[in-house]
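The block underneath contains the structure these notes are about, expressed in structure tokens.
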Amino acid sequence: METKIEELTFHLERVKKALSTLDEVLDMPYTVIVRDASIQRFEYTFEIAWKLFKKVAKIEGIEVTSPRQALRSAYQMGLITDIDIWFEMLEDRNMTSHTYDQYIANKVYESAKRLPQELKEAIAKIGLVSQS
């Protein structure tokens with residue numbers, strides 16, 4: 001059986017890999033194809049991120065069953081500082097199946113551009129927690 005630290009390390013590595021793929025596409029010059037690829041990578045990176053927050057909450061003895069609860073727990077634990085940004089990104093993640101609409105696609109793309117910095121800050125804080 002894995003220890004809590006090993007589990008957390010595994011989830012952190014998954015998030016970092018997903019985040020690097022999002023960073024990679026966001027570094028490219030804007031085209032509709034880059035936007036669409038960014039949206040797809042945003043979607044799976046966000047999914048892995050909230051599940052990481054869920055794992056941290058579980059380690060701390062907090063039961064989480066939804067992305068919204070995971071974000072609230074992450075906020076309460078001090079892993080994220082602006083819960084409103086995360087809730088906006090959650091809403092945009094929920095809209096990814098509607099990105100055939102140009103307005104929605106552009107809105108989700110803007111969230112995709114915000115996620116890396118927000119997530120990197122949380123990862124740094126989680127890293128500090130796991131080393132305690």
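The values are calculated or read from the model by the stated rules, or taken from the named source; none is laboratory data. Just so it is clear, the model here is predicted, and its values are computed rather than measured. Glycine also receives a Cβ, built like all others from the backbone with ideal geometry; neighbour counts cover every protein chain displayed.
Going residue by residue through the stretch 26-33, is there one that turns out to be of a type outside the set (Val, Ile, Thr) and either in contact with a Lys or Arg (Cβ under 7 Å, 6 or more places away or on another chain) or under 25 Å from GLN69 (Cα atoms) (or both)? Yes - at least one qualifying residue is present in the stretch 26-33.
Inside the stretch 79-106, residues that are exposed (fewer than 12 other Cβ atoms within 10 Å of the Cβ) and either aliphatic (A, V, I, L, M) or at positive phi (or both) make up a count of 0. Evaluating ASP23 against the criteria (1) free of Cβ contacts under 8 Å to residues at least 24 places away in the same chain; (2) assigned to a helix (DSSP H, G or I); (3) more than 26 Å from THR3 (Cα to Cα) leaves one unmet condition, (1). Put simply, of VAL56, VAL25 the only residue that is more than 30 Å from ILE104 (Cβ to Cβ), β-branched (Val, Ile, Thr) and crowded, with 17+ Cβ neighbours inside 10 Å is VAL56. For the stretch 30-49, residues that are surrounded by fewer than 16 Cβ atoms within 10 Å (Cβ to Cβ) and more than 13 Å from TYR109 (Cα to Cα) total 2.
Go through (1) modelled with pLDDT under 95; (2) surrounded by 18 or more Cβ atoms within 10 Å (Cβ to Cβ); (3) not small (Gly, Ala, Ser) for PHE10 and report which single condition fails. Only one criterion is unmet by PHE10, namely (2).
Condition test on SER73, is it over 20 Å from ILE126 (Cα atoms) and crowded, with 20+ Cβ neighbours inside 10 Å? Here the answer is no, as SER73 does not meet what is asked. Of all residues in the stretch 1-20, those satisfying the criterion of being of a type in the set (A, V, I, L, M, F, W, C), assigned to a helix (DSSP H, G or I) and free of Cβ contacts under 8 Å to residues at least 60 places away in the same chain are PHE10, ALA18.
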